[in-house]
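Step one of this worksheet: look at the structure below.
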Amino acid sequence: MSSDISAQLQEAVQTAAAQAVPLKIVGGQSKAFYGRAMEGQILSVAGHQGIVNYESSELVITARAGTPLQELSQTLATQGQCLAFEPPHFGETATWGGTIACGLSGPARPYQGAARDFVLGVKCLNGKGEILRFGGQVMKNVAGYDVSRLMVGALGTLGVLLEISCKVLPLPAEEVTLVKSMTSAAEALEQMTYWGNQTIPLTASCFDGEQLILRLSGIAIQSEQQQIPAAVWSEGSQFWVDLREQRLPFFTANGPPLWRLSVPPTTPPLDLSEEKQLIEWGGALRWLRSDLPAETIRAAVAQMGGHATLFRGGDRTSEVFHPLAHELEKLHRRLKEQFDPRLILNPRRMTMNW
């Protein structure tokens, strides 16, 4: 059955390439808001499901792109394992392929790694409808260019993901969330930096405008926990899920467009809005609600060595992602043309130019 669906997807891409018909690749549509708005003939990979191989003793899982992320996570949990980069679902329909194509990581990202750090190999269709395989199922497979990780976060513009192999990790034996009142972003950032530099099993940090919230994970973490002058939060586990899924009031309340600002973690508070910002990743990720012009926000962030993405809301026909420097944009364009010479795969999803 899966081979039939794979063949159907291949035929659809080959036909589209021959006719230069743009394709809009979709899975569970849970992250359809992400990136630029685009038109095209629908190419659904949602039916291409199933776990191909799972070696729990080797900490590796391979699954087809349409496999529900929830199913994959539950399978790992039965063996006491997890996706260490804590990918957001943003809905029950989230798929494994969409997760990797978007390349989003959750609260543990700065402490355990990003999505691309765990991808070992992929099987995909290029813009000619050719089936390509990159990487493998072992960490030592590093020969040549790491094209499999290049697909992470490419939003389907370089290929239609069919299968992805990923390294997984054991679930933490213990976990505790600590919380401390703190109304100053500057003080919270200072504390995030301090605790991030200590030899403690820190796996998440957040400042919500009123509280500094830290998570410790590991084995026998009581001694490290006692080093931090903060209260244990019994509902902390749910907080990290709600943060990951953007179900906190900061995200759900009606308001200006939501910006995702990536900056060096030691960057001081950004004076971009009177509204409170939400800070994650030890200071490296700042969420901002603002009606300020995109140019103003991006100029302020770029001055700090970072970049800004219009994550939700706002004008989805404009440049949603931070514009690339000229030489880097040329490199991206050449990559696109190598993988998708007819420019039919999710055209203009990432940039207005191609």
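The values are calculated or read from the model by the stated rules, or taken from the named source; none is laboratory data. Not measured: the values here are computed from a predicted model. Note that each Cβ is placed from the backbone with ideal geometry, even for glycine, and that neighbours are counted across all protein chains shown. Heads up: the accessible areas ignore ligands, DNA and RNA and are worked out on the full protein's heavy atoms, side chains in. Shrake-Rupley method; radii C 1.70, N 1.55, O 1.52, S 1.80 Å.
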- Among the residues of the stretch 59-92, count how many are more than 16 Å from the chain's Cα centre (by Cα), within 21 Å of Gln29 (Cβ to Cβ) and in a loop (DSSP other than H, G, I, E, B). 3
- Message: Please determine whether any residue of the stretch 9-26 is within 25 Å of Arg247 (Cα to Cα) and either modelled with pLDDT of 95 or more or open to solvent by less than 20 Å² (accessible area, probe 1.4 Å) (or both).
- Response: yes
- Message: Please go through the stretch 88-112 and give me each residue that is surrounded by 23 or more Cβ atoms within 10 Å (Cβ to Cβ) and more than 25 Å from Ala284 (Cβ to Cβ), ordered by number.
- Response: Thr95, Trp96, Gly97
- Query: Which pairs do you get when a residue that is assigned to a loop (DSSP other than H, G, I, E, B), found in the stretch 214-230, comes within reach of a residue that is open to solvent by 40 Å² or more (accessible area, probe 1.4 Å), reach meaning Cβ atoms under 6 angstrom, with the pair 6+ apart or on two chains?
  - Reply: Ile219/Ala173; Ile221/Glu174; Ala230/Lys180
- Could you list, in sequence order, all residues of the stretch 40-58 that are surrounded by 18 or more Cβ atoms within 10 Å (Cβ to Cβ) and not in a strand (DSSP E or B)? Gly40, Val45, Ala46, His48, Gln49
- Message: Which condition from (1) surrounded by fewer than 22 Cβ atoms within 10 Å (Cβ to Cβ); (2) touching a strand residue (DSSP E or B) at 6+ places or on another chain (Cβ under 9 Å); (3) closer than 18 Å to Leu171 by Cβ is the one that Ala84 breaks?
- Response: (1)
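Okay, residues lined up against (1) within 23 Å of the chain's Cα centre (by Cα); (2) assigned to a helix (DSSP H, G or I):
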| residue | (1), (2) |
| --- | --- |
| Asp291 | no, no |
| Gly305 | yes, no |
| Ala308 | yes, no |
| Phe311 | yes, no |
| Asp315 | yes, no |
| Val320 | yes, no |
| Pro323 | yes, no |
| Arg333 | yes, yes |
| Gln338 | no, yes |
- Query: Residues in the stretch 239-250 that are open to solvent by 20 Å² or more (accessible area, probe 1.4 Å) and either hydroxyl-bearing (Ser, Thr, Tyr) or not in a loop (DSSP other than H, G, I, E, B) (or both): how many?
  - Reply: 5
- Checked pairs for the stretch 246-265, first of a type in the set (Ser, Thr, Tyr), second modelled with pLDDT of 95 or more, C-beta under 7 Å and 6 or more apart or across chains, list as Ser262/Ala284; Ser262/Leu285; Ser262/Gly306; Ser262/His307
- Note on the structure: The helices (runs of 4 or more DSSP H) lying wholly within the stretch 113-208 that contain at least 2 residues that are among the aromatic types (Phe, Trp, Tyr) and open to solvent by 10 Å² or more (accessible area, probe 1.4 Å) are 185-196
- Message: Quick check on my filter: what residues within the stretch 17-33 are in contact with a Ser or Thr (Cβ under 9 Å, 6 or more places away or on another chain) and within 17 Å of Met352 (Cα to Cα)?
- Response: none
- Message: Given the criteria part of a helix (DSSP H, G or I) and in contact with a strand residue (DSSP E or B) (Cβ under 6 Å, 6 or more places away or on another chain), does Val13 qualify?
- Response: yes
- Message: Going residue by residue through the stretch 101-112, is there one that turns out to be over 25 Å from Arg312 (Cα atoms), part of a loop (DSSP other than H, G, I, E, B), out of contact with any Cys (no Cβ under 7 Å at 6 or more places or on another chain) and touching a residue at least 12 places away in the same chain (Cβ under 8 Å)?
- Response: no
